[in-house]
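K.L.:
Please see the structure below; I have some questions.
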Ligand SMILES: [Zn+2]
């Protein structure tokens, strides 16, 4: 079966940086609903359109096509005294952007009395390579299409 709109695609992926260093590797297969449901990156859908189980590809993608460019207005330094207790380097906290929108910030480092926060996606601004192997393709159910995501094994549970 070919990957077309409203198919459930099971795949295994890994993410490498531009130098080929491994950043992330799926430990379990993941599954997404193909056809513009924003379950995965549009460039990945584009590359997989019309392909079948067994297809394998490495995509070199620019930040514009993955997690976006970095936004330096999302980099913050706050006094340690304003820092909520219990949050550590590597943790996250809820804040607001300059436009007052809620936004998640990552705690990058604590330096003396200052806490450095970064609200960018950790992979923002990076050129990445995605190694993708298609493990299976099936037709999505009417319910999955209505919900815009896949149910069942490796899918959405609710
Ligand atoms: Zn659902």
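K.L.:
Answer with yes or no whether residue 137 is closer than 30 Å to residue 10 by Cβ, away from the ligand (no atom under 16 Å from the Cβ), part of a strand (DSSP E or B) and out of contact with any helix residue (DSSP H, G or I) (no Cβ under 7 Å at 6 or more places or on another chain).
P.N.:
yes
K.L.:
What residue, of 104, 96, is within 15 Å of the chain's Cα centre (by Cα), without any contact (Cβ under 8 Å) to a residue 40 or more places away in the chain and over 22 Å from residue 15 (Cα atoms)? Break it down stepwise before answering.
P.N.:
On the way: 96 fails: within 15 Å of the chain's Cα centre (by Cα).
That would be 104, the only listed residue that is within 15 Å of the chain's Cα centre (by Cα), without any contact (Cβ under 8 Å) to a residue 40 or more places away in the chain and over 22 Å from residue 15 (Cα atoms).
K.L.:
Within segment 42-51, how many residues turn out to be touching a residue at least 40 places away in the same chain (Cβ under 8 Å) and surrounded by 13 or more Cβ atoms within 10 Å (Cβ to Cβ)? I'd like the intermediate steps shown before the answer.
P.N.:
First pass over segment 42-51, keeping only residues touching a residue at least 40 places away in the same chain (Cβ under 8 Å): 44, 47-51.
From what's left, surrounded by 13 or more Cβ atoms within 10 Å (Cβ to Cβ): 44, 47-49, 51.
Residues in segment 42-51 being touching a residue at least 40 places away in the same chain (Cβ under 8 Å) and surrounded by 13 or more Cβ atoms within 10 Å (Cβ to Cβ): 5 in total.
K.L.:
In this structure, is residue 81 loosely packed, with under 14 Cβ neighbours inside 10 Å and either touching a residue at least 60 places away in the same chain (Cβ under 8 Å) or touching a helix residue (DSSP H, G or I) at 6+ places or on another chain (Cβ under 8 Å) (or both)? First the steps, then the outcome.
P.N.:
Numbers: loosely packed, with under 14 Cβ neighbours inside 10 Å: yes; either touching a residue at least 60 places away in the same chain (Cβ under 8 Å) or touching a helix residue (DSSP H, G or I) at 6+ places or on another chain (Cβ under 8 Å) (or both): no.
No: the conditions fail for residue 81.
K.L.:
Counting only residues that are at pLDDT below 95 and not in a strand (DSSP E or B), which one in segment 109-119 is surrounded by the most Cβ atoms within 10 Å (Cβ to Cβ)?
P.N.:
Among residues in segment 109-119 that are at pLDDT below 95 and not in a strand (DSSP E or B), the one surrounded by the most Cβ atoms within 10 Å (Cβ to Cβ) is 113.
K.L.:
Among the candidates 106, 149, 154, single out the residue that is within 16 Å of the ligand (Cβ to nearest atom) and either in a strand (DSSP E or B) or at pLDDT below 90 (or both). Don't jump to the end; show me each part of the working.
P.N.:
Numbers: 106 fails: within 16 Å of the ligand (Cβ to nearest atom); 149 fails: either in a strand (DSSP E or B) or at pLDDT below 90 (or both).
Unique residue meeting the criteria: 154.
K.L.:
Can you tell me how many residues in segment 7-21 are exposed (fewer than 15 other Cβ atoms within 10 Å of the Cβ) and over 15 Å from the mean Cα position of the chain (by Cα)? It would help to see each step written out before you state the result.
P.N.:
Quick first cut of segment 7-21, residues exposed (fewer than 15 other Cβ atoms within 10 Å of the Cβ) only: 17-21.
Now narrow it down to the ones that are over 15 Å from the mean Cα position of the chain (by Cα): 18-21.
Counting residues in segment 7-21 that are exposed (fewer than 15 other Cβ atoms within 10 Å of the Cβ) and over 15 Å from the mean Cα position of the chain (by Cα) gives 4.
The values are calculated or read from the model by the stated rules, or taken from the named source; none is laboratory data. Every value quoted in this text rests on a predicted model; they were computed, and no experiment measured them. Virtual Cβ from ideal backbone geometry, glycine too; neighbours counted across all protein chains shown.
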